[in-house]
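Engineer: Sharing a structure here in structure tokens format.
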Amino acid sequence: MGQLRDRMEQDLILKGLAPTTRRNYLLYCRKFAAHYGRRPEQLGEAEIRAYLLHLIQVEQVSYPTYRQILAALKFLYTTTLSREWEVNRIPFPKHRRPALPRVLSNDQLLALFAALKRPKYRALLMTCYAAGLRIGEACRLRVEDIDSRRMVLRVVQGKGAKERYTILSPRLLTLLRIYWKVTRPVEWLFPGQGAAGHISPDSVREVFRRAREQAGLGSWCTPHVLRHSFATHLLEAGTDLVIIKALLGHNSINTTCIYTHVSTERIGKVASPLDELPLEALQPKR
């Protein structure tokens with residue numbers, strides 16, 4: 001895409017989209033152009049519709065992936081190319097109710113962390129679980145984001161470029177201090193080799209995948225499951241839903257409420273109204 005790619009990347013930055021979203025949008029638009037072997041400027045509504053149908057009917061991409069590809073193409077044609085008429089009449093798919101998130105048990109968490117041999121990756125992924133961080137948020141933590149006086153972690157580049165604070169547990173603080181003494185990071189808590197300076201989320205995902213397999217966990221277990229487990233386990237421990245919402249950085253309490261459906265421990269403790277009925281009165285009289 002050449003110059004067009006550079007201009008689109010600038011537009012994405014000006015829009016304030018997260019680095020991961022910017023990367024995905026650029027990737028999907030590049031794949032769209034490669035599908036036809038032509039530049040996006042030479043393609044229009046007919047080609048976009050045919051490509052989207054190909055994704056649904058032939059490649060059978062997942063629903064979230066399809067939505068993001070369509071969003072990327074709409075951004076390209078509406079913002080960067082200023083040809084909004086090419087995408088205005090393409091319907092956005094109806095929002096589907098997401099499946100309930102899976103969570104890890106204590107035994108599964110221990111097996112997973114035991115499979116992580118390198119201190120950097122173990123510390124990073126344990127931070128995801130201990131503080132409810134997304135993988136990208138954990139990768140972008142700076143040393144100065146650890147506030148041991150107030151026992152909080154500052155998340156500067158959260159989803160939607162929002163800043164928030166989350167909990168810093170005493171056990172996590174001890175673990176991070178041991179990790180710091182070994183690696184002595186200066187700026188980024190988890191430094192990497194790339195231009196960004198911090199460790200790449202993709203490299204963490206690959207290490208996580210190998211550890212997951214060693215721990216005997218299925219493909220459903222992704223780094224984001226650590227965040228789901230954090231929220232669910234807090235709820236089961238009696239933490240108020242509003243506090244969990246703030247720790248996770250959700251915009252709406254409705255998003256956080258999904259964990260009330262996941263917490264089987266809480267469900268199991270709820271008394272059925274049937275238990276309150278005086279059923280003894282139904283027993284035949286002798």
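Engineer: Restricting attention to segment 81-106, and to residues there that are under 30 Å from Val207 (Cβ atoms) and open to solvent by less than 30 Å² (accessible area, probe 1.4 Å), which single residue is modelled with the lowest pLDDT? Steps first, please.
Structural biologist: Going residue by residue through segment 81-106, those that are under 30 Å from Val207 (Cβ atoms) are 98-106.
Pick out the ones that are also open to solvent by less than 30 Å² (accessible area, probe 1.4 Å) and you get 101, 104.
Values: Pro101: 82, Leu104: 92.
Among residues in segment 81-106 that are under 30 Å from Val207 (Cβ atoms) and open to solvent by less than 30 Å² (accessible area, probe 1.4 Å), the one modelled with the lowest pLDDT is Pro101.
Engineer: Based on this model, can you work out whether Arg177 counts as open to solvent by 60 Å² or more (accessible area, probe 1.4 Å) and either under 20 Å from the mean Cα position of the chain (by Cα) or farther than 30 Å from Asn251 by Cα (or both)? I'd like the intermediate steps shown before the answer.
Structural biologist: On the way: open to solvent by 60 Å² or more (accessible area, probe 1.4 Å): yes; either under 20 Å from the mean Cα position of the chain (by Cα) or farther than 30 Å from Asn251 by Cα (or both): yes.
Answer is yes for this residue.
Engineer: Something else about it: Can you confirm whether Leu109 is open to solvent by less than 20 Å² (accessible area, probe 1.4 Å) and part of a loop (DSSP other than H, G, I, E, B)? Give the steps one after another, and end with the answer.
Structural biologist: Numbers: open to solvent by less than 20 Å² (accessible area, probe 1.4 Å): yes; part of a loop (DSSP other than H, G, I, E, B): no.
So Leu109 does not fit the description; no.
Engineer: Just the residues that are of a type in the set (Lys, Arg) and either open to solvent by less than 50 Å² (accessible area, probe 1.4 Å) or in a strand (DSSP E or B) (or both), please, taken from segment 206-226.
Structural biologist: Filtering segment 206-226 for residues of a type in the set (Lys, Arg) gives 209-210, 212.
Within segment 206-226, just Arg212 meets the criteria.
Engineer: Then there is this: Give segment 35-77 a look and list any residue that's among the basic types (Lys, Arg), in contact (Cβ under 8 Å) with a residue 24 or more places away in the chain and within 20 Å of Arg89 (Cα to Cα), or say none. Quick ask: steps written out before the conclusion?
Structural biologist: Our first condition is that a residue be among the basic types (Lys, Arg); within segment 35-77, this holds for 38-39, 49, 67, 74.
From the residues that got through so far, the ones that are in contact (Cβ under 8 Å) with a residue 24 or more places away in the chain too are 39, 49, 67.
Arg49, Arg67 - these are the residues of segment 35-77 that are among the basic types (Lys, Arg), in contact (Cβ under 8 Å) with a residue 24 or more places away in the chain and within 20 Å of Arg89 (Cα to Cα).
Engineer: Filter segment 187-200 for residues that are among the hydrophobic types (A, V, I, L, M, F, W, C) and either part of a strand (DSSP E or B) or open to solvent by 20 Å² or more (accessible area, probe 1.4 Å) (or both) and give the result. Give the derivation first.
Structural biologist: Going residue by residue through segment 187-200, those that are among the hydrophobic types (A, V, I, L, M, F, W, C) are 188-190, 195-196, 199.
Correct list: Trp188, Ala195, Ala196.
Engineer: Next question. Tell me the residue from Ser203, Ser229 that is in a helix (DSSP H, G or I), surrounded by 13 or more Cβ atoms within 10 Å (Cβ to Cβ), of a type in the set (Ser, Thr, Tyr) and without any contact (Cβ under 8 Å) to a residue 40 or more places away in the chain, please.
Structural biologist: From the options Ser203, Ser229, the qualifying one is Ser203.
Engineer: Okay, next question. Tally the residues that are modelled with pLDDT under 90 and either among the aliphatic types (A, V, I, L, M) or at positive phi (or both), restricting the search to segment 148-181.
Structural biologist: 3
Engineer: How do the pairs read when you match residues in segment 19-34 that are free of Cβ contacts under 8 Å to residues at least 24 places away in the same chain and in a helix (DSSP H, G or I) with residues anywhere that are surrounded by 16 or more Cβ atoms within 10 Å (Cβ to Cβ) and not β-branched (Val, Ile, Thr), using Cβ under 6 Å and keeping only pairs 6 or more apart or on different chains?
Structural biologist: Pairs that qualify, where the first residue is free of Cβ contacts under 8 Å to residues at least 24 places away in the same chain and in a helix (DSSP H, G or I) and the partner is surrounded by 16 or more Cβ atoms within 10 Å (Cβ to Cβ) and not β-branched (Val, Ile, Thr), are Arg22/Leu12.
Engineer: Here's a follow-up. Report, by residue number, each residue of segment 47-71 that is on the phi < 0 side of the Ramachandran plot and either open to solvent by 70 Å² or more (accessible area, probe 1.4 Å) or among the polar types (S, T, N, Q) (or both). Working first, answer last.
Structural biologist: Our first condition is that a residue be on the phi < 0 side of the Ramachandran plot; within segment 47-71, this holds for 47-59, 61-71.
If the condition is that a residue be on the phi < 0 side of the Ramachandran plot and either open to solvent by 70 Å² or more (accessible area, probe 1.4 Å) or among the polar types (S, T, N, Q) (or both), then Arg49, Leu53, Ile56, Gln57, Val58, Glu59, Ser62, Pro64, Thr65, Gln68 are the ones that fit.
The values are calculated or read from the model by the stated rules, or taken from the named source; none is laboratory data. Nothing here was measured: the structure is a model prediction, and the numbers come from that model. Neighbour counts are summed over all protein chains in view; Cβ atoms, including those assigned to glycine, are modelled from backbone coordinates with ideal geometry. Keep in mind that these areas ignore ligands, DNA and RNA; they rest on the heavy atoms of the full protein, side chains included. Shrake-Rupley method; radii C 1.70, N 1.55, O 1.52, S 1.80 Å.
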